[in-house]
Amino acid sequence: MQSSMPLFKNKTYTKLFLASSISIYGDWFDILAISVLVAYGWNTDPALIGLIPVCFALPGIVFGSFAGVLADRYRKVNLMMASDFISALLTGLLVFADHIYWVLPLLFLRSTMGLISSPAAQALTRHVVTEDQLLKATSYNQIVNNSGKIVGPLLGAFIVSFFSPQICILINAVSSVASGLILFTMRDIKENKENAQQEEQKKQESFTAAWKEGWTFVSKNRFIFNTILFAFFGIMGVQLVDFQFPVLLRSVNMEDPVVFGLLMSTTGVGSIIAIAWMHRFKKIQYGWAIGGGLSLIGIGFAGAGFITEGMSLWLPALFGLVVGLGNGVWMVSFNFALQKESPKEMVGRVFGITNSLLSIVVIIAPITGGILVQTIGASTIIKTSGFIVCGIGLIGIILGKWLWKQEAVSKRIQTPIYKETGL
């Protein structure tokens, strides 16, 4: 079935994409500024600095699955709009913070609001594009995510150097307001033709029942369960050493920030190349895409583990590029699989539960990896982690047809229901 219109002629999706892009770029300005302010401006104790990533990840563990229920029960545009405006207020308060004890609770609250927006955005994307354009839409979204990781910190560093961290934080507050205003113009869209028919049923169904229904669906749907379980173990292997590469470079006398910057930049470039390549497809083979993406990440990690003193700089850059290529393929295929293979009325809960489970990894794995690196050594642990991740990916490739046996829902091509407002 051919698409009813080119993706970016769909005004609803274009506005959603623009709002999300502005918000993502603002967030990356913010992350760098907060790090500089806390570490250098206030000379904060390292133990307290270590609580910052916890404040980003903990809301996902505690509230992730509940945020998914909100996305499936209520208007997604309204949830995203409220999240943006409240996030703008909390970010504005960060400008006036003068100690990390103010920063930590504000970051926790703001991360909680972002958590509400994330599954709502994923679910809304599923509602406003045709299924044969879903892979392309997912690819564009991931391009923004990855380019934000490259461009945001670079521009943020420039602004911090010439002005102050508070200016970067203020820019993020303004970007949240801008995103919310764009979403405000979408307030009249009809998200789903079934909403009116099921509205009374949703009112009668308790929040707890909807939450349980989401967990039941994830646990009993073989495709979704295997996808999340596979991601859990794959990301666990990645997160074990993802923050330990500066330690590795230090151990081989490559402490020059240029080397680490080169490694990070080529990773970002690789991701964008892979994502741009994948958006050309309308469907993918999940075993090759999800498993293959993880295998490339593992190969890149294992290769980086063999970095030695005096090695040419192009080799770390090459390993970073391989990691980036795998990361791009992995992210697009993983998000696409969850979106396409979940019923529309379940997308929010599926992504909410996924966020909740993977947030556990984000907290546990880096701490465990740090202990292992300190005990055994960075090179050994990074190589081992790379081989394990590559092995998990190969399992995905070999058993792909069994792990990702597609349910009947994936074979129905449905046209989205949305109403253009002309705004």
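Every number here is computed from the coordinates shown, using simple stated rules; none is lab data. It should be emphasised that the depicted structure is a prediction, and the values quoted were computed from it without experimental measurement. Using ideal geometry, Cβ is built from the backbone for each residue, glycine included, and neighbour counts are taken over all protein chains shown.
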Inset, instruction - Using the charge dipole of the range 10-186 (Lys, Arg: +1 at Cβ; Asp, Glu: -1 at Cβ; taken about the Cα centre), state which of Leu51, Met186, Gly26 has its Cα farthest towards the positive end. - result: Met186
Inset, instruction - Tabulate in residue order the Karplus-calculated ³J(HN,Hα) for the range 314-326, using 6.51 cos²θ - 1.76 cosθ + 1.60 with θ = phi - 60°, rounded to whole Hz; enter x for Gly and Pro. - result: 5, 6, x, 5, 5, 4, x, 5, 5, 4, x, 4, x
Legend entry - Cα pair count fraction exceeding 22 Å, expressed as % - the range 99-181: 43 percent
Inset, instruction - May I ask for the Rg/Rh ratio of the range 217-407, computed from Cα atoms with Rh as the Kirkwood radius, given to two decimals? - result: 1.00
Inset, instruction - For the range 384-396, take each phi angle, set θ = phi - 60°, evaluate the Karplus expression 6.51 cos²θ - 1.76 cosθ + 1.60, and give the result in whole Hz per residue in order, putting x for glycine and proline. - result: 4, 4, x, 5, 5, 4, 4, x, 4, x, 5, 4, x
Legend entry - the range 14-23 - phi-based ³J(HN,Hα) in whole Hz, Karplus 6.51/-1.76/1.60, Gly and Pro as x: 4, 5, 4, 4, 5, 4, 5, 5, 4, 5
Legend entry - Entries of Lys220/Lys283; Lys11/Lys76; Lys344/Lys405; Lys149/Lys383; Lys9/Lys149; Lys136/Lys212 with Cα pairs more than 21 Å apart: Lys220/Lys283; Lys149/Lys383; Lys9/Lys149; Lys136/Lys212
Legend entry - As computed over the range 10-186, the Cα convex hull volume per residue (Å³): 107 Å³
Legend entry - Size of charge dipole - the range 217-407 - debye, nearest 20, with Cβ of Lys, Arg +1 and Asp, Glu -1, no other charges: 840 debye
Legend entry - Contour excess over end-to-end distance, with Cα ends at Ile376 and Phe158 and 0.36 nm allotted per residue: 74.7 nm
